[in-house]
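Working notes, beginning with the structure itself.
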Amino acid sequence: MMFKKIVFVFVVLFVSTSYADKVTEQYIQKKSSYSVSETIDRLENALNAKSITVFARVDHAAGAASVGEQLADSQLLIFGNPKLGTPLMQEQPLMGLDLPMKALAWKDAKGQVWLSYLKPSVLQKRHELKNSAVIEKMTGALDGLTSKAAGKD
């Protein structure tokens, strides 16, 4: 009987961690319902709709292929909002190393696509920022935009 309980708990834990979005100490990782390219397209469209500047899109798999290497599908979108980023860089100029923000859509070994980004609270801690209001706005905006891109809207 005890063995069955242990197996049941293991299965519940495995299923809940395998199929749910992942929140680590530093990153948010959202399971996407779309391909890597479509996930990044959806994020870019959501950003454009909010007048958030998209600075660049980097196709890591294409870069690897250009030098004869293989890499699972992976694309990075670099974006930002000067209304939020500027006050943080005024407080701590080294924030310029971490801004603009980035989001990575990538495919894992099982074929699942994820949309991942660094938690703004990590940046706040790293740079000892006092401007919690801006960090909270960034956190909320990223959550909404990435949820929409991943198909959780």
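The values are calculated or read from the model by the stated rules, or taken from the named source; none is laboratory data. Predicted model only: the values in this text are computed from it and were never measured. Cβ atoms come from the backbone with ideal geometry, glycine included; neighbour counts cover every protein chain shown. Protein only, heavy atoms only, side chains kept; ligands, DNA and RNA dropped before computing areas. Shrake-Rupley method; radii C 1.70, N 1.55, O 1.52, S 1.80 Å.
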Can you send over the carbon and sulfur percentage of the accessible area for the chain, probe radius 1.4 Å, protein chains only? 60 percent
Rounded to 10°, Cα long-axis angle of helix 36-49 versus longest principal axis of the chain: 40 degrees
Please give me, ordered by residue number, the GluC sites (Glu not before Pro) of the stretch 56-150 that lie in loop per DSSP and have at most 15 other Cβ atoms within 10 Å. GLU69, GLU128
List every residue whose amide H lies under 5 Å from the amide H of SER32, counting only residues 5 or more places away in sequence or on a different chain, with H placed 1.01 Å from N in the peptide plane. VAL113, TRP114, LEU115
Subtracting the Cα-Cα distance of VAL67 and GLU25 from 0.36 nm times their residue separation yields 11.8 nm
Which order do TRP114, TRP106 take by accessible area at a 1.4 Å probe, largest first? TRP106, TRP114
If I take R0 = 25 Å and measure r between the Cβ atoms of SER33 and VAL54 in this structure, what FRET efficiency does the formula 1/(1 + (r/R0)^6) give, to the nearest 0.05? 0.70
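Dipole of the stretch 44-101, Cα-centred, from +1 at each Lys and Arg C-beta and -1 at each Asp and Glu C-beta, to the nearest 20 debye?
260 debye
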Starting at the first residue of the stretch 145-153, write each ³J(HN,Hα) from the Karplus equation 6.51 cos²θ - 1.76 cosθ + 1.60 with θ = phi - 60°, in whole Hz, x for Gly and Pro. 5, 6, 5, 4, 5, 7, x, 10, 8
Less than 24 Å apart at the alpha-carbon level, and either on another chain or at least 8 residues along: which lysines does that give for LYS148? LYS22, LYS30, LYS31, LYS50, LYS83, LYS102, LYS107, LYS110, LYS119, LYS137
Phi-derived 3J(HN,Hα) across the stretch 93-101 with the Karplus relation (6.51, -1.76, 1.60, θ = phi - 60°), rounded Hz, x for Gly and Pro, is x, 5, 4, x, 6, 9, 10, x, 6
Using the Karplus curve 6.51 cos²θ - 1.76 cosθ + 1.60 with θ = phi - 60°, what ³J(HN,Hα) values do you get for each residue of the stretch 124-140, in whole Hz, with x for Gly and Pro? 4, 5, 4, 9, 6, 7, 9, 7, 5, 4, 5, 4, 5, 4, 4, 4, x
Using a simple charge model, +1 on the beta-carbon of Lys and Arg, -1 on the beta-carbon of Asp and Glu, nothing else, what dipole does the chain show about its Cα centre, in debye to the nearest 20? 500 debye
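Which whole-number value in Å² is the accessible area per residue of the stretch 26-105, probe 1.4 Å? Write down the numbers at each step before the final one.
On the way: 4370 Å² over 80 residues.
I get 55 Å² per residue for the stretch 26-105.
State whether the chain is rounded, prolate or oblate according to the following rule on the C-alpha gyration tensor (a ≥ b ≥ c being the square roots of its eigenvalues): a/c under 1.5 gives rounded; otherwise a/b larger than b/c gives prolate, and the remaining case gives oblate.
It is oblate, given that a/c is not under 1.5 and a/b is not larger than b/c.
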